[in-house]
Amino acid sequence: MLNNISDIKNEFIVRNQSATTVAFYTDEILNDWIKQSHIAAAGYKKWPFTEGRISTTFAALEEWNFEGYRADSFRIITIGGYRLKKLNFEDYLIFKEESPSDDDRVYSDFGNVVFVNPNIDVSGTLTAYGQYFPAELDTSVPTTKTVFSDRAEEGNEAM
């Protein structure tokens with residue numbers, strides 16, 4: 001079972017039939033590979049344990065940028081308990097052109113920016129549900145666990 005950074009390093013060395021004394025695979029190289037593969041494996045699919053929500057007070061702004069969340073990952077947005085309908089970005093732009101004063105409860109996302117119709121007839125807390133980026137690994141501590149360690153062993157295997 002690959003449970004932490006040390007396990008992943010050892011497994012890499014074993015699978016590549018290298019001795020632990022081989023100087024070609026330095027800790028610095030292995031740490032960089034582990035960090036890069038952690039990002040790639042975490043982004044491979046929408047892992048249920050990397051889904052999260054973020055809340056803020058709604059103001060009549062159109063653009064919202066939620067740091068730490070993946071681009072185009074917001075699937076549900078509610079404001080004041082009302083669920084908004086998601087439009088793809090092109091349809092949202094058409095909606096804004098054809099009905100600039102309409103108060104439909106719609107939103108879209110493009111990249112890391114969420115666009116909410118500023119004319120909607122609700123107020124309160126904006127809650128967005130999406131896919132967040134896992135925290136960067138501290139590979140200097142051998143017992144550091146990855147985002148997969150306690151949830152999905154196949155993620156560490158993929159790394």
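The values are calculated or read from the model by the stated rules, or taken from the named source; none is laboratory data. Note that the structure is a prediction, hence the values are computed from the model and not measured. Because the Cβ atoms are built from the backbone with ideal geometry, glycine has one as well, and the counts that use them run over all protein chains shown. All accessible areas refer to the heavy atoms of the entire protein, side chains included, with ligands and DNA or RNA removed. Shrake-Rupley method; radii C 1.70, N 1.55, O 1.52, S 1.80 Å.
The string of couplings for the range 86-99 from the Karplus curve (6.51, -1.76, 1.60, θ = phi - 60°) is 8, 10, 5, 4, 4, 5, 5, 5, 4, 4, 5, 6, 7, 9 Hz, one whole number per residue in order, with x for Gly and Pro.
Between 77, 49, 1, the Cα set farthest toward the positive side of the dipole of the chain (charges on each charged residue's Cβ, about the Cα centre) is that of 1. Shown for the chain: the carbon plus sulfur share of the solvent-accessible area, taken with all protein chains present and a 1.4 angstrom probe, equals 50%. When the surface is traced with a 1.4 Å probe over the full set of protein chains, residue 86 keeps roughly 80 Å² accessible.
Listed values for the range 132-145 are Karplus-derived 3J(HN,Hα) couplings in whole Hz (6.51 cos²θ - 1.76 cosθ + 1.60, θ = phi - 60°), namely 9, 7, x, 4, 5, 6, 9, 7, 6, 9, x, 8, 4, 9, and x replaces Gly and Pro.
Could you work out how much longer the chain between residue 82 and residue 95 gets when fully extended? Use 0.36 nm per residue separation minus the Cα distance between them, nm to one decimal.
Numbers: separation 13, 0.36 × 13 = 4.68 nm, distance 1.97 nm.
Result: 2.7 nm gained on full extension.
Less than 5 angstrom separates the built amide H of residue 144 from those of 5, 6, all sequence-distant by 5 or more or on a different chain. For the chain, the 222 nm mean residue ellipticity estimated from helices alone, with every DSSP H stretch of n ≥ 4 adding -39500 (n - 2.57) and the total spread over all residues, rounds to -8500 deg cm²/dmol. Its Cα gyration tensor gives the chain an equivalent ellipsoid. The semi-axes, each the square root of 5 times an eigenvalue, are 44, 14, 12 Å from largest down. Over the chain, accessible surface divided per residue gives 59 Å², non-protein components excluded, 1.4 Å probe.
Quick one: compute the contact order of the range 11-159, relative version, from alpha carbon pairs under 8 angstrom and 6+ residues apart, as a percent. Reported as a whole number, the value is 32 percent.
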